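Below is one structure, written out as structure tokens; the observations come after it.
The values are calculated or read from the model by the stated rules, or taken from the named source; none is laboratory data. These figures come from a predicted structure and were not determined experimentally. Glycine gets a Cβ as well: all are built from the backbone with ideal geometry, and neighbour counts include every protein chain shown. Each accessible area value is taken on the protein alone, full model and side chains, heavy atoms only, with ligands, DNA and RNA left out. Shrake-Rupley method; radii C 1.70, N 1.55, O 1.52, S 1.80 Å.
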Amino acid sequence: EAARRQAVASWRRDRLARAGRAPAMAVEVCAATAAVAATAAAGVDGAVGGAGGAGVAAVAAAPAVSVGPCSGAKPGAVETFAMARVGTLRSSFPAAFGCPRQGLAAPSVRGRIELEPWMVAASGGAGQFLDGLEGFSHVWVIFLFDQNRHSSASFDPSSSFLRPMVKPPWLTGADGKRGSCGVFATRSPHRPNPIGLTVCRVDHIDHAAGTVFISGVDVIDGSAVLDIKPYHPIDSIPTEPSAGQPSACPVPRPTDDGDDVARSPHMTAEVATFASWLPPPKPRSAVQWYGNTLEELRGLVPHCTFYPDARDADESEERLEGAFRTLRAAVEEVLGLDPRTPQSRGKSGSGATATTHRYWALDFDAASVAFRLAGGGPSAEGENAPTATFEVVKVGRRGREGARADKAWLDALRKELEADTSARDGETLAGSNGVAR
């Protein structure tokens with residue numbers, strides 16, 4: 001395996017060099033990894049202290065993470081590094097639509113981080129990489145946007161997504177056109193290095209399986225995790241209260257034990273400020289449930305991955321009922337954050353296409369949720385206007401391709417619901433006219 005990695009790296013360097021794009025640093029196989037691999041192949045136990053043969057094999061199977069200089073690299077060429085995938089983030093979002101822009105704004109949205117098998121095996125199956133993490137309520141998760149369409153090219157200097165300007169969704173003028181901004185002034189997933197950062201709450205840790213159960217998740221299912229770091233009080237920067245709203249982050253109180261928090265002047269001397277084009281926080285949109293959609297959602301609980309899971313109570317009836325309540329809260333939180341793009345919110349939907357932008361569908365865990373705009377709309381986008389109101393009109397079991405793969409069913413549902421609404425309105429009008437006569 002070590003020889004194969006070295007051959008691939010050498011071939012890639014030669015190919016890029018011929019194209020005149022040789023990086024200044026190229027991935028090299030770690031000498032220690034190669035040595036461990038050789039030892040494991042010879043069947044020698046205990047090459048890694050305390051790990052035994054299984055640990056040796058696990059470490060040998062780990063992705064190489066070291067780098068070495070590339071001979072013949074041109075001055076000023078791109079410098080690259082390799083990193084190991086330490087885990088996979090499993091979440092309720094198989095696609096980007098509906099995924100919150102800030103996970104903690106939807107605290108009931110669940111997920112979990114599964115450490116790579118080689119890490120669990122290398123620690124003797126006891127999850128020692130996670131030892132002590134239970135002392136923290138929140139963690140920073142550093143992950144890859146490897147589920148977006150540009151990520152496969154982001155590591156290749158010959159075709160990296162290196163556009164310096166992007167169009168963030170909230171930088172939209174009065175005419176509805178999106179403005180441009182430097183990529184490093186945004187959180188766009190389309191970056192030279194597609195790395196994401198999010199804060200999640202720690203709900204439960206399974207040390208034996210190497211799994212961290214988290215909530216407040218805003219990451220697509222299957223995303224690669226590069227690192228997990230505990231959230232520390234010094235990470236909190238207070239914001240200036242505005243419009244009568246309290247600060248989003250309370251000022252941490254200095255302690256008397258002489259640590260960094262007590263010595264940091266930034267904790268009380270500075271506040272965080274933001275670009276003027278970022279919209280101010282708004283109340284969460286209201287969510288209504290049409291007909292028997294809540295029962296449809298309840299019926300999907302046995303098929304869900306995260307509702308319930310290991311963090312729920314053991315009692316069967318209580319477990320399922322509690323999972324349903326949390327699932328409902330999660331769906332309402334996701335819809336309440338208004339998953340529509342700012343451009344979709346600004347479309348009037350008048351004329352022949354009056355309903356084109358009023359019906360949507362998103363996938364969440366085992367469910368496909370169809371919803372419509374029941375109130376608000378373009379006129380509700382004013383700064384002091386009430387927020388939109390959404391109505392869930394259909395909940396079904398998510399198929400393999402997802403709810404958004406084919407929108408014909410959503411259009412058929414729209415026609416059915418609006419025909420039913422028109423019929424009921426007609427009956428109401430006829431009844432009123434009858435009374436009037």
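Can you spot a residue in segment 422-433 that is assigned to a loop (DSSP other than H, G, I, E, B), modelled with pLDDT under 65, over 28 Å from Gly216 (Cβ atoms) and of a type in the set (A, V, I, L, M, F, W, C)? Checking segment 422-433: not a single residue is assigned to a loop (DSSP other than H, G, I, E, B), modelled with pLDDT under 65, over 28 Å from Gly216 (Cβ atoms) and of a type in the set (A, V, I, L, M, F, W, C). For segment 289-341, filtered to residues that are within 24 Å of Gly210 (Cα to Cα) and touching a helix residue (DSSP H, G or I) at 6+ places or on another chain (Cβ under 6 Å), the residue that is surrounded by the most Cβ atoms within 10 Å (Cβ to Cβ) is Tyr307. For segment 393-410, filtering for residues that are open to solvent by 40 Å² or more (accessible area, probe 1.4 Å), of a type outside the set (Gly, Ala, Ser) and modelled with pLDDT of 70 or more leaves 7. Within segment 312-334, the set of residues being in contact (Cβ under 8 Å) with a residue 24 or more places away in the chain and more than 20 Å from the chain's Cα centre (by Cα) comprises Phe324 only. Filtered by the rule that a residue be touching a strand residue (DSSP E or B) at 6+ places or on another chain (Cβ under 7 Å) and surrounded by 13 or more Cβ atoms within 10 Å (Cβ to Cβ), segment 190-200 gives His190, Pro194, Ile195, Gly196, Thr198, Val199, Cys200.
Glu418 meets all of the listed conditions (1) surrounded by fewer than 15 Cβ atoms within 10 Å (Cβ to Cβ); (2) in a helix (DSSP H, G or I); (3) at pLDDT 80 or above but one, namely (1).
In segment 227-242, which residues are part of a strand (DSSP E or B), open to solvent by 30 Å² or more (accessible area, probe 1.4 Å) and more than 12 Å from His138 (Cα to Cα)? Once the filter is applied, which keeps residues that are part of a strand (DSSP E or B), open to solvent by 30 Å² or more (accessible area, probe 1.4 Å) and more than 12 Å from His138 (Cα to Cα), segment 227-242 yields only Asp227. Of all residues in segment 188-201, those being touching a Pro at 6+ places or on another chain (Cβ under 9 Å) and within 19 Å of Ser236 (Cα to Cα) number 2. When segment 83-121 is limited to residues that are β-branched (Val, Ile, Thr) and in a loop (DSSP other than H, G, I, E, B), the one that is nearest to the chain's Cα centre (by Cα) turns out to be Val109. Of everything in segment 201-224, what is of a type in the set (Ser, Thr, Tyr) and open to solvent by 10 Å² or more (accessible area, probe 1.4 Å)? Give them in sequence order. The one that is of a type in the set (Ser, Thr, Tyr) and open to solvent by 10 Å² or more (accessible area, probe 1.4 Å): Thr211. For segment 76-93, the set of residues classified as open to solvent by 80 Å² or more (accessible area, probe 1.4 Å) and farther than 18 Å from Thr198 by Cβ consists of Gly76, Glu79, Phe81, listed by residue number.
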